[in-house]
Structures are given as structure tokens and as C-alpha cells.
Amino acid sequence: MKLEQQTIFAGILGNGCNIGINRMVHISTGISKGVLTNTVNWCFSLPNVQSANNKILSVLNKLVLANSFRTDQNKLVTGQIKLPNLCHFILRICSLPFS
């Protein structure tokens, strides 16, 4: 099964922002409920999500800016981002028409 980028993003936003798959299908254009449900069920397993998180953290740990906020070698202090605000911002960007 070939995964479309928009389906992956819809799954991430649907789960990560607590929107849910059904609502995500209704507010998305060109994504069927079956395709999104299959993508989430097959690709968003706990081991896959943990692996993706580890890869993201690995990249973040290499950034100079992130390392400047370390209080000690094994602890990274970050600011808190309110998830609903971040999700709202991402959804607004994703709904913009691209040419």
C-alpha cells in the first residue's frame, strides 16, 4: 500500500491533537475514511510511534540550539507548547490553498 503524505499528516493530527479519525475525515479534502483508518491502524502502532519519536529526539539532540538549553549532559529543558494551540495553528496552515 502506497501511503500519501496528506494521509500520514491527517493521521498524526487526528491522533496527536485528539481530533479523532472520523472528524479528521470530515474536515479534510480528498481523504477517505477507509484509507485513513487503515493507515492509522497499520502504521501508527506503538512500536512505530516510539521509533519515530526516538528518531526525532536523535535529530533534536544534534541541534546546536537545543544543546544550549541543556542544564546537564542528560537533561534538556524546553518550554511548554500548548498542544491545542499548536494543533490549531497546524490545521490552519494545512487548510491554506497551495498552488
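The values are calculated or read from the model by the stated rules, or taken from the named source; none is laboratory data. Here the structure is a predicted model, which is why all the values come from computation and not from measurement. For neighbour counting, all protein chains shown are included, and Cβ atoms are generated from backbone atoms with ideal geometry for every residue, glycine included.
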Working only within the stretch 6-30, note down all residues that are assigned to a helix (DSSP H, G or I) and either closer than 18 Å to residue 52 by Cβ or in contact with a Pro (Cβ under 8 Å, 6 or more places away or on another chain) (or both).
6, 7, 8, 9, 10, 11, 12, 13, 14, 15, 16
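Identify all residues within the stretch 34-64 that are touching a residue at least 40 places away in the same chain (Cβ under 8 Å) and under 15 Å from the mean Cα position of the chain (by Cα); write none if there are none.
Filtering the stretch 34-64 down to residues touching a residue at least 40 places away in the same chain (Cβ under 8 Å) leaves 42-43.
Across the stretch 34-64, the qualifying residue is only 43.
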Please count how many residues of the stretch 21-30 are surrounded by 14 or more Cβ atoms within 10 Å (Cβ to Cβ) and among the basic types (Lys, Arg).
0
Subset of the stretch 1-20 (residues that are exposed (fewer than 15 other Cβ atoms within 10 Å of the Cβ), closer than 13 Å to residue 31 by Cβ and touching a residue at least 40 places away in the same chain (Cβ under 8 Å))
3
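If I ask for residues that are in a helix (DSSP H, G or I) and among the aliphatic types (A, V, I, L, M), which ones from the stretch 56-68 would you list? Step through it out loud before you land on a result.
Here is the first cut: in the stretch 56-68, the ones in a helix (DSSP H, G or I) are 56-61, 64-67.
Across the stretch 56-68, the qualifying residues are 56, 57, 59, 60, 64, 65, 66.
Search the stretch 31-55 for residues being outside any loop (DSSP other than H, G, I, E, B), surrounded by 14 or more Cβ atoms within 10 Å (Cβ to Cβ) and not polar (S, T, N, Q), and hand back the single one that is modelled with the lowest pLDDT. Step through it out loud before you land on a result.
At the first step, the residues of the stretch 31-55 found to be outside any loop (DSSP other than H, G, I, E, B) are 33-43, 46-55.
With surrounded by 14 or more Cβ atoms within 10 Å (Cβ to Cβ) added as a condition, the list becomes 35-40, 43, 49.
Right, trim to not polar (S, T, N, Q) and you get 35-36, 40, 43, 49.
Numbers: 35: 92, 36: 91, 40: 90, 43: 87, 49: 84.
Per the stated criteria, the residue is 49.
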